[in-house]
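One structure is given below, encoded as structure tokens.
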């Protein structure tokens, strides 16, 4: 508890839409230790991004109600004003966005975008900021950073841009980095590079990382713990190894089965999850996954399961009819 | 110099949209000529635009009167040049008021959103629903004696909702982009985001709209002058010259031709420049 960097308790974000309240995130609780990498996986629309932005205090204040608690290094961010958040942003917590094509200002030189942060937040002089910005560009593996410092985002490739985005996010050495699908907009070969870079930087700068993705391959080797989300709720949480081998929730299994494996013979059909993700406006009393679940019983349709502890320490799942643990070993 | 060489070796020039083309520069030159003429009209070797030479009435273009004379024997060339003063002053002045008020409000509303935006936008849309030209005519009909400043003020105020709408929409398209949120997360203050992140991104649209706005206001001034609601005669303006020449069109077609031509060319140039600039500076839509 004492060395937890991020404590999220019963966090919920409900959007007020014309069609009624939309519970994008509900009842989410977890903790993140220092120097830990936590993965959050789930289908599109399962509330991963909303969760990240809520933790960051980035939700608009007008049409969304946020309840629960987020303690970031002991500071409450739920209900914090923008001024209060500004003290945390960039120095305590920073974020890498999904699409490097839109997360850099197209009319500003990349060096300046890093500079700005350093000068505003750390009060560096023009020269010191420039030197540090070049250092950061070098750190994220941009060749000839002195020249690139003067480039516009449009002159860089997607992978290079994402490196620049990471450099800007890390400018003030935050303790927590939220990476919201940092590789979705990139080629597969570049994806690995960017993820390895994040890994290296995490070790180098002693920070914690929350890695949000829908790609299980991304989180398998790079995270120590894993959260599986469905319809805005945590359905399974535990050490990455436990979730991958001793999954109890049928949804986790379905997710794992639906990712392609190199070992499969050519032309093997992928196992898809039947049905569609639920409409969050019309959630039933029961488990949100029940309509698509092969193991669903009457109870699943009536009553929503809460998180329940599994045999392994720190492993919980929300299911009335859990699967038998596979007993896999590392 | 060495820095320049270094730069070209690694980084190509920023990828811009279409090239500007020679016609663009011809238009710029024509506009510059117009503006210089308007500013230095009283220093240039022009004839007195108010002097009535009764021995030259309704004469066509000649060496002595380059564009001929009107029904009172006044030199048309001189009157066209002096007339540009009113047109350009109204166009630029009104847009300074329109942008000075409308643009900051539009940016702020689009960035802040919420109640501030809702109230302001509703008020602006109420004004927009009311035909501006009718309002301008109504106000100018009763607010006598008419003076240049009053005309600029009335048209300027009437243009605020239009500018507000364009700038607000342009800002809104940018304000939700990830790089604005990224800037916020990096600790940038609202003012910094507005000035350093949003403004450069909407500048191309704003400049184009400014030029087209000036053209619209110049036309509007022409229409008002034609109705006799602009500056009082004998002060020339393109609009009231066309109005005065209307009655003698059959005897002296030159009289209506030259001020109309001056007005048309001025508007064409403004529109063309605005359009070219917009497609040229469309850096945000650079293809990779």
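Taken together, the values in this text are just the output of simple stated rules run on the coordinates, not laboratory data. Here the structure is a predicted model, which means the values were calculated and not measured. FYI the Cβ positions are ideal-geometry reconstructions off the backbone, even for glycines, and counts take in every protein chain you see.
So what is the diffusion coefficient of segment B:137-288 in µm² per second by Stokes-Einstein at 4 °C and 1.567 mPa s, using a Kirkwood Rh over Cα pairs? Present the calculation step by step, with values, prior to reporting the outcome.
On the way: Rh = 18.4 Å.
The estimated diffusion coefficient comes to 71 µm²/s.
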Inset, instruction - Please arrange A:227, A:66 by counting, for each residue, the other beta carbons lying within 10 Å of its beta carbon, fewest first. - result: A:66, A:227
Inset, instruction - Please give the helix B:114-129 orientation as an angle from the longest Cα principal axis of chain B, in degrees from 0 to 90, rounded to the nearest 10. - result: 20
Inset, instruction - Work out how much length residue B:192 to residue B:153 would gain on full extension: take 0.36 nm times their residue separation and subtract the Cα-Cα distance, in nm to one decimal. - result: 10.9 nm
Inset, instruction - Take segment B:217-272, drop everything but the C-alpha atoms, weight them equally and run the Debye formula without solvent; then report log10 I(q)/I(0) at 0.17, 0.26, 0.28, 0.31 Å⁻¹ to two decimals. - result: -0.51, -1.02, -1.10, -1.20
Legend entry - Descending principal axes extents, segment B:23-172, alpha-carbon based, whole Å: 68, 41, 23
Inset, instruction - Please work out the C-alpha center-to-center distance from segment B:181-201 to segment A:100-127 and express it in whole Å. - result: 10
Inset, instruction - Could you tell me, in Å, what Rg and Dmax come out for the Cα atoms of segment A:187-330? - result: 16.6, 51
Inset, instruction - Could you tell me the distance between the Cα centroids of segment A:259-330 and segment A:44-98, to the nearest Å? - result: 28
Legend entry - Between segment B:232-257 and segment B:62-119, the Cα center-to-center distance that results, in Å: 20
Inset, instruction - Sum -39500 (n - 2.57) across every DSSP H segment of at least 4 residues in chain A, then divide by the residue count to get the 222 nm mean residue ellipticity, nearest 500. - result: -8500 deg cm²/dmol
Legend entry - chain A: angle of helix A:158-170 to the longest principal axis, Cα-based, in degrees nearest 10: 80
Inset, instruction - Only Cα pairs under 8 Å and at least 6 apart count here; give the relative contact order of segment B:88-281 as a rounded whole percent. - result: 27
Inset, instruction - Using only the Cα atoms, work out Rg/Rh for segment B:116-197, with Rh taken as the Kirkwood radius, to two decimals. - result: 1.17
Inset, instruction - In nm, give the distance between the simple-model label positions of residue B:143 and residue B:125, each being 7 Å from the Cα along the Cα-to-Cβ direction. - result: 2.7
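Using per-residue counts of other Cβ atoms within 10 Å, averaged over each peptide, order B:99-112, A:174-187, B:240-253, A:69-82 from highest down. Walk me through the numbers on the way to the answer.
Numbers: B:99-112: 20.3, A:174-187: 22.1, B:240-253: 17.3, A:69-82: 15.4.
Descending packing order for the listed peptides: A:174-187, B:99-112, B:240-253, A:69-82.
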Legend entry - Rounded to 10°, Cα long-axis angle of helix B:132-142 versus longest principal axis of chain B: 50
Inset, instruction - Would you mind listing how long segment A:174-230 runs along its three principal axes, going by Cα atoms, in whole Å with the largest first? - result: 28, 26, 18
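Test of understanding: ordering B:74, A:132, A:276 by Cβ neighbours within 10 Å, fewest first, what list do you get? Write out the running numbers ahead of the final one.
Values: B:74 23, A:132 18, A:276 10.
By the 10 Å Cβ count, ascending, the order reads A:276, A:132, B:74.
Does segment A:221-269 come out rounded, prolate or oblate, given a ≥ b ≥ c as the square roots of the eigenvalues of its C-alpha gyration tensor, rounded meaning a/c under 1.5 and, failing that, prolate meaning a/b above b/c?
prolate
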Inset, instruction - At 0.36 nm per residue, minus the direct Cα-Cα distance, what do residue A:297 and residue A:67 gain on full extension? Give it in nm, one decimal, please. - result: 79.7 nm
Inset, instruction - Take the Cα coordinates of segment A:265-320, assign each an equal point scatterer, and use the Debye formula without solvent to give log10 I(q)/I(0) at q = 0.13, 0.17, 0.30 Å⁻¹. - result: -0.47, -0.69, -1.18
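For chain B, rounded, prolate or oblate, judged on the Cα gyration tensor with a ≥ b ≥ c (square roots of eigenvalues), a/c < 1.5 rounded, else prolate if a/b > b/c? Mind showing how you got there, number by number?
Numbers: a/c = 3.15, a/b = 1.63, b/c = 1.94.
It is oblate, given that a/c is not under 1.5 and a/b is not larger than b/c.
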Inset, instruction - Using only Cα positions of segment A:10-50, each an equal point scatterer, no hydration layer, compute I(q)/I(0) via Debye at q = 0.21, 0.23, 0.26, 0.29 Å⁻¹ and quote the log10 values to two decimals. - result: -0.79, -0.88, -1.01, -1.09
Legend entry - Computed over chain A, the ratio Rg/Rh where both radii use C-alpha atoms and Rh is Kirkwood: 0.98
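Just to verify a number: FRET efficiency for residue A:261 and residue A:324, C-beta to C-beta distance, R0 = 25 Å, to 0.05?
The value I calculate is 0.70.
Can you bin the protein assembly as shown into rounded, prolate or oblate? Criterion: square roots of the alpha carbon gyration tensor eigenvalues sorted a ≥ b ≥ c, rounded for a/c under 1.5, prolate for a/b above b/c, oblate for the rest.
Values: a/c = 3.13, a/b = 2.36, b/c = 1.32.
Prolate.
How large is the helix-only mean residue ellipticity at 222 nm for chain B, computed as the sum of -39500 (n - 2.57) over DSSP H runs with n ≥ 4, divided by its residue count, in deg cm²/dmol to the nearest 500?
Numbers: 10 runs with 191 residues, N = 288.
Roughly -22500 deg cm²/dmol at 222 nm, from the helical runs in chain B.
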Inset, instruction - List the relative contact order of chain A as a percent without decimals, with contacts defined as Cα pairs under 8 Å and 6+ residues apart. - result: 20
